[in-house]
Structure formats: structure tokens, C-alpha cells
Amino acid sequence: MIYRFFFKMINDEQEKTGDFDNNYQHLINRYLLFLFFIFLFYSVFIITFFGDLLISTFLTVITFFWLFLLAIKSKTQRFRKNLKTMIISIIVLLTFIVSFFYIHTHKNAGVEYFYFCILFAIPFFLNYKKDSFVIFFIVFIISINFIGSLYFDLDFIPRSRFFKQGDFKIVKLWNILFSITCFSMDIVFIAQKDKLINGLIVKTRIKDSTIKDLEKTNAELMKHQMLINHLTEENIQEILSLAESNSPVFFEKFQVFFPHFIPELLVINSNLIHSELYFCALMKLDFDTKKIAQCTNNSIRAVESKKYRIRKKLNISSEININSFLIKI
């Protein structure tokens, strides 16, 4: 049951879509799950071997905080929109937590190594080009905490009474092992993120190549239509100019130049309304979504919605380019 619960949480988003954003969200899920187990094991270790209830309780709270984030992250739209802000806040919070425990353990338990784990987590969550200011801010916070904790006593922070002198070597060894584990996992997750980015780049190149091929094919189809309808280049330029200026005479002129187009659409589906036929005319001229939005003074989302309804009414498969389909008519 527990395994199914975790498996569902870390795979829920990836099953829905295969795009970069959702795969990256899935990767973040796995990272949060990793943090959950690391902190859980660490808190159990502290309470079992040293009996420090303060540290163990604090770590347990943080442990289940990761689980809480993991549970709500894919369910809450607000979380997804403010993901970067939450990540920055968590990194800063972890920095102060490391500083607290570094001093709490008498600066002799190797807690300072976790500063470097936090630093190496930054590339996984943030982009050096887009988030340079934020990264400098986080690095500044970590540096100030590290220097301040190292050179100032900060007597207002309580010191642990549970650690004996001989315990520090054991705790330091464990902290080194934990920090190496965290560091290694940071590298693994960064590598997986890079793999996703490289995959996205390849897909984008393939998509761009496909679009260019499609544009070339549509241009050839348009030339073929010009021959069939005995149109000249001047006729095409005229109708394009009318369409781009959203002229009220465009649709009438279009039907003169392409007299069989609208009737054939109505044969496929007689329920097509005027605005849908108008959009079909624009797509017949190979106007893309953005250009249609500009010509008709509509939003891109409204145009996409209209194209979706047209596709449904004409029974056009999602695998077929709607412009190519209409150009052939």
C-alpha cells in the first residue's frame, strides 16, 4: 500500500503527458521523495543513537514537509504557478536550518558540509541564464550564513546537551556520508534534467523541420489550387491583402476565387456556421493560428478553440494538419 502511494505520487504527472514540463515535475517529485527518505533516516538515526529530541523532532517535521509537498504539488495549480518562489524559499530555509544545527552541535559535527549540498541543488531547480539574480541572492545568503556561523558564536542559539566528546567523530562521519549522498544525488538529478533539456532541443529541431516541410508542401498545394481555379499571382496577393486587413469584402472575394470550397465544406458538415467558414477560408490560404488571431482581432486561445471545433465538425484527425486538409479541397 505504501509503495503504491509513493509510486502513484511520483508517476501521476508523467502518465498524463510526455512534455518537458510534466517530465520535469515528475523529476522534482522524485527529488522530494529522495529528501523525504534522507531526512527520515537521519532523524531516526539521531534519536536512536543520541536521544536528542529537539533535533529529531525538527528533522521529522521537515521530513513530512517534503511528503506534504510531494502530495499536493501535482494537485494544486497555485503550487505549479509559484513553484520557483517556493523552491527559493525552501532553499533559503534549509540554509538557516543548516546554520542552526551547525551551531547547535558545537560546530564540531560536520553539519557545514550540507551548505555545499544546497549549493549543488541550485542547478537542478534554477536556470543560470533566466534566474541569475535569484541564484546570486541564494549564494549570498548561503555565504553569509556559512561565514557568520563560522566566525561568530551566536550565543542565543542553544547548544545540544546530548552529544559527548566522543560522539562528534561518529556524527561527523555520518554527516560526511549523508552530504556525499546528497551531493551525488544532486549530480544525478542535474544529469537527468540535462537529458530532458537535450530531448526537448531534439524534439524542437524535429518540429521545426516538420513545420518547414509542411510549409513547403502547403505552398505546392496552393500553387496547384491556383492552376485549378485559374488564379494568377495578382489574384492571390489581392485575396491575401484583403484577409490580412480584415476587409469586409474578403469572404465574398474568396468565394469568387474559390467557388467550390465553401459548398464542399458544407457537404461534409452542413452545420458549419459563418464564422467557422470564414476561419476555414483563412486556413485555406495557409494562415497559422497567430496570423488568424491578428487578422480577426481574436486571442490565440479563441482561435485555437475555433479550430478545434472546426476539426471536430469536419472529422479531421489530430494527426492531420488542418491547413493542409483545407488547402486540398
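Here is a check on your reading of the model: is LEU272 more than 35 Å from the chain's Cα centre (by Cα), at pLDDT 85 or above and of a type in the set (A, V, I, L, M)? I'd like the intermediate steps shown before the answer.
Working: more than 35 Å from the chain's Cα centre (by Cα): yes; at pLDDT 85 or above: yes; of a type in the set (A, V, I, L, M): yes.
Against the criterion (more than 35 Å from the chain's Cα centre (by Cα), at pLDDT 85 or above and of a type in the set (A, V, I, L, M)), LEU272 qualifies.
When only residues in region 300-322 that are of a type outside the set (Ser, Thr, Tyr) and not in a helix (DSSP H, G or I) count, which is farthest from VAL267 (Cα to Cα)?
Taking region 300-322 as the starting set, the residues that turn out to be of a type outside the set (Ser, Thr, Tyr) are 300-304, 306-307, 309-316, 319-322.
This time we only want the ones that are not in a helix (DSSP H, G or I), so: 314-316, 319-321.
Values: LEU314: 10, ASN315: 13, ILE316: 14, GLU319: 22, ILE320: 20, ASN321: 20 Å.
Looking at residues that are of a type outside the set (Ser, Thr, Tyr) and not in a helix (DSSP H, G or I), I get GLU319.
Filter region 108-139 for residues that are assigned to a loop (DSSP other than H, G, I, E, B) and under 15 Å from THR95 (Cα atoms) and give the result. Spell out the reasoning first.
The initial filter retains those residues of region 108-139 that are assigned to a loop (DSSP other than H, G, I, E, B), namely 108-110, 126-131.
Residue satisfying the conditions is GLY110 alone.
Could you list, in sequence order, all residues of region 291-312 that are surrounded by 16 or more Cβ atoms within 10 Å (Cβ to Cβ) and over 29 Å from the mean Cα position of the chain (by Cα)?
CYS295, THR296, ILE310
If you go through region 128-140 one residue at a time, do you hit one that is assigned by TED's automatic domain parsing to the domain that holds PHE183, more than 30 Å from ASP194 (Cβ to Cβ) and basic (Lys, Arg)? Walk me through it before giving the result.
At the first step, the residues of region 128-140 found to be assigned by TED's automatic domain parsing to the domain that holds PHE183 are 128-140.
Next, from what is left, pick out any that are more than 30 Å from ASP194 (Cβ to Cβ): none.
Scanning region 128-140, I find no residue that is assigned by TED's automatic domain parsing to the domain that holds PHE183, more than 30 Å from ASP194 (Cβ to Cβ) and basic (Lys, Arg), so the answer is no.
Which ones in region 313-329 are surrounded by 15 or more Cβ atoms within 10 Å (Cβ to Cβ) and without any contact (Cβ under 8 Å) to a residue 24 or more places away in the chain?
Our first condition is that a residue be surrounded by 15 or more Cβ atoms within 10 Å (Cβ to Cβ); within region 313-329, this holds for 313-314, 316, 321-327, 329.
Of everything in region 313-329, those that are surrounded by 15 or more Cβ atoms within 10 Å (Cβ to Cβ) and without any contact (Cβ under 8 Å) to a residue 24 or more places away in the chain turn out to be ILE316, PHE325.
Between ILE157, ILE142, which is outside any helix (DSSP H, G or I) and touching a residue at least 12 places away in the same chain (Cβ under 8 Å)?
Working: ILE142 fails: outside any helix (DSSP H, G or I).
Just a single option satisfies the conditions, and that option is ILE157.
Among the listed residues VAL111, VAL98, VAL92, identify the single one that is in the same structural domain as ILE141 (by TED's automatic domain parsing) and within 25 Å of the chain's Cα centre (by Cα). Working first, answer last.
Working: VAL111 fails: within 25 Å of the chain's Cα centre (by Cα); VAL98 fails: within 25 Å of the chain's Cα centre (by Cα).
Result: VAL92 is the single residue among VAL111, VAL98, VAL92 that is in the same structural domain as ILE141 (by TED's automatic domain parsing) and within 25 Å of the chain's Cα centre (by Cα).
From the set of residues in region 49-103 that are among the charged types (D, E, K, R) and surrounded by fewer than 16 Cβ atoms within 10 Å (Cβ to Cβ), which is modelled with the lowest pLDDT? Spell out the reasoning first.
Pass one, region 49-103, residues among the charged types (D, E, K, R): 52, 73, 75, 78, 80-81, 84.
Applying the additional criterion that residues be surrounded by fewer than 16 Cβ atoms within 10 Å (Cβ to Cβ) yields 75, 78, 80-81, 84.
Numbers: LYS75: 51, ARG78: 54, ARG80: 55, LYS81: 58, LYS84: 76.
Here the answer is LYS75.
Name the one entry in TYR113, TYR151 that is loosely packed, with under 12 Cβ neighbours inside 10 Å, under 30 Å from LEU53 (Cα atoms) and among the aromatic types (Phe, Trp, Tyr).
Of TYR113, TYR151, the one residue that is loosely packed, with under 12 Cβ neighbours inside 10 Å, under 30 Å from LEU53 (Cα atoms) and among the aromatic types (Phe, Trp, Tyr) is TYR151.
Can you pull out every residue in region 233-259 that is among the charged types (D, E, K, R) and touching a residue at least 12 places away in the same chain (Cβ under 8 Å)? Walk me through it before giving the result.
Step one: filter region 233-259 for residues among the charged types (D, E, K, R), giving 233-234, 238, 244, 252-253.
Answer for region 233-259, where residues must be among the charged types (D, E, K, R) and touching a residue at least 12 places away in the same chain (Cβ under 8 Å): GLU238, GLU244, LYS253.
So, in region 160-181, exactly how many residues are of a type in the set (A, V, I, L, M, F, W, C) and part of a loop (DSSP other than H, G, I, E, B)?
Step one: filter region 160-181 for residues of a type in the set (A, V, I, L, M, F, W, C), giving 162-163, 168, 170-171, 173-174, 176-178, 180.
Narrowing the set further to residues that are part of a loop (DSSP other than H, G, I, E, B) leaves 162-163.
Count: 2.
Out of (1) modelled with pLDDT of 85 or more; (2) of a type in the set (S, T, N, Q); (3) assigned by TED's automatic domain parsing to the domain that holds ASN29, the odd one out for ASN198 is which?
Against the list (1) modelled with pLDDT of 85 or more; (2) of a type in the set (S, T, N, Q); (3) assigned by TED's automatic domain parsing to the domain that holds ASN29, ASN198 comes up short only on (1).
Tell me, which residue of region 227-258 that is at pLDDT below 85, assigned to a loop (DSSP other than H, G, I, E, B) and not hydroxyl-bearing (Ser, Thr, Tyr) is nearest to THR296 (Cα to Cα)?
Let us first name the residues in region 227-258 that are at pLDDT below 85, namely 227-240, 256-258.
Subsequent filtering for residues that are assigned to a loop (DSSP other than H, G, I, E, B) retains 229-232, 258.
Add one more test, that the residue is not hydroxyl-bearing (Ser, Thr, Tyr), and what stays is 229-231, 258.
Numbers: ASN229: 26, HIS230: 28, LEU231: 25, PHE258: 20 Å.
So, considering only residues that are at pLDDT below 85, assigned to a loop (DSSP other than H, G, I, E, B) and not hydroxyl-bearing (Ser, Thr, Tyr), the one nearest to THR296 (Cα to Cα) is PHE258.
Of the numbered conditions (1) assigned by TED's automatic domain parsing to the domain that holds ILE55; (2) modelled with pLDDT of 70 or more, PHE162 satisfies every one except a single condition; which is it?
Of the numbered conditions (1) assigned by TED's automatic domain parsing to the domain that holds ILE55; (2) modelled with pLDDT of 70 or more, the odd one out for PHE162 is (2).
The values are calculated or read from the model by the stated rules, or taken from the named source; none is laboratory data. Since the structure is predicted, the reported quantities are computational estimates derived from the model, not experimental observations. Here Cβ is always computed from backbone atoms with ideal geometry, including for glycine, and neighbour counts include all displayed protein chains.
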